[in-house]
1. With each run of n ≥ 4 DSSP H residues scored as -39500 (n - 2.57), what mean residue ellipticity at 222 nm is computed for the chain after dividing by its residue count and rounding to the nearest 500 deg cm²/dmol?
2. Work through the residues other than Arg126 whose Cβ is under 13 Å from its Cβ and net out their charges, Lys, Arg +1 and Asp, Glu -1.
3. Residue farthest toward the positive end of the dipole of the chain, with Cβ of Lys/Arg at +1 and Asp/Glu at -1: which of Leu256, Phe101, Phe225?
4. Suppose every Lys and Arg Cβ carries +1 and every Asp and Glu Cβ carries -1, with no other charges. What dipole size does the chain come out with about its Cα centre, to the nearest 20 debye?
5. With r defined as the distance between the Cβ atoms of Asn338 and Glu586 and R0 fixed at 30 Å, what FRET efficiency is calculated, to the nearest 0.05?
6. Out of (i) 16, 33, 25, 14, 9, 2, 0; (ii) 19, 53, 25, 3; (iii) 18, 50, 30, 2, which label holds the value of P(r) over Cα pairs in 20 Å bins from 0, in percent that was computed here?
7. Could you give the length gained by full extension between Asp109 and Glu194, i.e. 0.36 nm per residue of separation minus their alpha carbon distance, to one decimal place?
8. Determine the dipole magnitude for segment 459-550: charges of +1 sit on the beta-carbon of Lys and Arg, -1 on that of Asp and Glu, nothing else is charged, the reference point is the Cα centre, and the result goes in debye to the nearest 20.
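The values are calculated or read from the model by the stated rules, or taken from the named source; none is laboratory data. Since the model is a prediction, treat every value here as computed from it, not as a measurement. Note: ideal-geometry Cβ built from the backbone for every residue, glycine included; neighbour counts use all protein chains shown. Heads up: the accessible areas ignore ligands, DNA and RNA and are worked out on the full protein's heavy atoms, side chains in. Shrake-Rupley method; radii C 1.70, N 1.55, O 1.52, S 1.80 Å.
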Amino acid sequence: MLAAVVAVIVVVAPTTACSGRKKPAPPAAQVSAQVKAGAATTLSVADVQVVLPDGAAKDGVVAKLAVGGEAPAAPDGMTVAGPAVAVDLPGGLTQPATVTFQAPAAVKDGTLTPVVVWQDAAGDWRWVPTTYTAGESGISATVDHFSGGFLGGLDIKKWIKDRGEDFKNYITGRSGVAQPRCGDEKAARPAGVEVTSDGGDRVKWCFGVDNGRRVVRIANNSRTFMQIAYPSAWKVVDGQSHGFSTDSAARALGMLAVTPKGTASRIVDGGDTLTLEVPENSTGRVTAEMSILAWAISAIVFGIQVYYAVVKAASDTLAKAAKGTIDRLFLLLGGTANAEPIDGLIECTKAVSDLTEMNETNALDVTKAVWGCLPGIMKAQLKDVKVFAAGVLLNMVGTAVGLILTGINLLVTGLRELWDQFAGFGGKSDPVYDVVIRLKAATVADADLRANNCPGCRVKGQFAFLHPTWGVVTLVVALSPTGGAGGYGSSDLIAFDAQRKVVWRKDYDRQWESVAFADPGMDATGNVFINFNPGRLNGVIILRPVAGGLKDFATLPDAESGYQERFYSARLVMDTAKGTYTVRSELNDCEPSCAEGTIHTTTYRYNGTDYVKQ
């Protein structure tokens, strides 16, 4: 039985002899066929075939196929590999139809990966499920409605080359971030304060007094993310971007966060600026580096951008949905409450979750891991988007993205000059960029103690700060087994100015078991903290630089016993969000005995004047 009555017409486009005008389009070949119930309808002309299965259209309607005419404008990243096609069917399709193209030479030799591109109801281009087996002559696609389309192709090698260049620029390039400003920079550098940094332009910074606050601004002039660490007593304040807490980002990815004790850190995007408030009298070190965690986030974001470029060529609807993935990722990395989980993200990094050292081998391992599972992660994010044959379409996109990312990873493997960018982050062979705020303070030795009537004293710790009266001061904690009036040794707190002159001291005729400055020794309040153990339990001493001396909040030990009542049997707890210590008192009432006693816990917080119960 004949499926349809077919008529073939060749329409010749008009020509013109006027020079300088657009060359006329080649003639379009047309064919029509009447749909007959009980059989499939086939239209074939100019090496293009359209097949409507039985029941796909109303009986008796006439379907028309036109091949040729003006070449379509392909979506970005696509190549037009075959002629333009237009199909008209009154009443439309009730079930999918098949369009088959002849495979051109560029497909047969592997230069292009074939994809049939079709117009949706809004007139936008989108991919449709395409089937091609190497060595065969036909390329088939399934369409859910008739409009226009063409045989397109993806040049995967060109995608790898172009995106590989993008990736190299991503690693080596600069964001062009503006030099930050910090108000009155001279006011932040009184006598005795100096600020130094490494060379190079990956980081731009400033230090000054802005709106009455001492601030450091660190700008990431790279295009990748970087990890910035700073003293935990410093607070993140206003700025172009706060970045992500390293801890929350590590939890989101299931990776390790490496932050030295006494410091906090954040992951900051390329082109963004982190602003830190530096407590009065405080000093410290800010570091910027390409950590493994920062690199993993950079690789994920770059991979999503590659995916977006491919999916945009495939479908505007899918592209719009994919665009929100980076926003969801950032919410997740930032530890935002109720942030939507990204399925498969932690499983993706599991194989590299214990890596901590940033080097070429580890960086490539991380890149390979996250890029290997990124197509699957993105598919899970887009599975509910309503487009025709979404699952097949996402598989096509995922396959292309997988090939591209694998190719880029192979392309950059072994490019020593690329990875040397990270090895010399701070200049030359230094992988860490440093900005250091320090005091030109005296370094006190045991001999200085002996010269100031502290026989047998040994320095157990020293901490420098800026005093409103004495200038730069070095506070020393010292112990002596031979000093003291009663033969029990001595414990001493001695403050020296920059000329090593003693400006303040407290001496105790008993050697404590241990004494050390807290880490950090000063919090955001500007108070100085010392842990000491006179014999059994830890005690906390708190000193605040004030005009003419040091305020002690009644925390200094008793002169006779070497103990103190207020914060004995206590410990310091850092509030990382505020950069301040609270004092946690844990006193045993020893009722009926100390072994059977109850521990009474009280937390004290500084209110600007004193430490009060919470």
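1. It comes out at -7000 deg cm²/dmol, rounded to the nearest 500.
2. Local net charge: -1.
3. Farthest towards the positive pole: Phe101.
4. 1060
5. After rounding, the FRET efficiency stands at 0.25.
6. (i)
7. Using 0.36 nm per residue and subtracting the Cα-Cα distance, I get 24.0 nm.
8. Around 120 debye, computed over segment 459-550.
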